[in-house]
Amino acid sequence: MERTLSIIKPDGVAKGLIGEVIKRFEKNGLKIVAMKMIYISKKEAEWFYAVHRGKNFFDSVTDFMSSGPCVVMVLEGPKAITKNRELMGATNPKDAAPGTIRREFASSIERNIVHGSDAPETAAFEIGYFFNALEICG
Ligand code: GDP
């Protein structure tokens, strides 16, 4: 059993895709054990994407992440990190496999609907960033 952090980004919420994304998780063995809708501030987005500080898209992506409400979730299941990344597809929707969330719904490499942790260490950091132990119903 593994846990991962998922975010439906502001574009996914604005496009009315919350239900569509959640349906894909639940159909594919990923159980939601925590969930909330929040506004991420610019400062919080800068912390969250600190690994990208200095890159040419840092300012733009942190503006985007703080531009509207997001839905943040903890997903649990066998190989949850890899499974979620498979369902999401590649960062750039042009490279994402057919049938993936990003291929079907993303409008650009930046506005790509969903976030998912990429490794166990980042999952632990990201889950702890948004949820305390009492908020996770595992
Ligand atoms: P992810 O793990 O697939 O989300 O990709 P990364 O960790 O590499 O990038 C984090 C987020 O920054 C992506 O999901 C995009 O929203 C954004 N991003 C990544 N690369 C680019 C880029 O080249 N240009 C722009 N504008 N945004 C990018």
Among the residues of segment 1-27, the number that are surrounded by fewer than 14 Cβ atoms within 10 Å (Cβ to Cβ) and under 15 Å from Leu87 (Cα atoms) is 4
Residues of segment 87-121 being near the ligand (Cβ under 9 Å from one of its atoms), open to solvent by 50 Å² or more (accessible area, probe 1.4 Å) and farther than 20 Å from Ile18 by Cβ, in sequence order, are Thr91, Ile109, Asp118
* Looking at Ser67, is it assigned to a helix (DSSP H, G or I) and of a type in the set (S, T, N, Q)? -> no
Scan segment 102-111 and give yes if some residue there is in contact with a strand residue (DSSP E or B) (Cβ under 9 Å, 6 or more places away or on another chain) and either part of a strand (DSSP E or B) or closer than 21 Å to Tyr129 by Cα (or both), otherwise no.
no
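The values are calculated or read from the model by the stated rules, or taken from the named source; none is laboratory data. What you are looking at is a predicted structure, and each value in this text was computed from that prediction instead of being measured. Positions of Cβ are generated from backbone atoms using ideal geometry, with glycine treated the same way; all protein chains shown enter the neighbour counts. Each accessible area value is taken on the protein alone, full model and side chains, heavy atoms only, with ligands, DNA and RNA left out. Shrake-Rupley method; radii C 1.70, N 1.55, O 1.52, S 1.80 Å.
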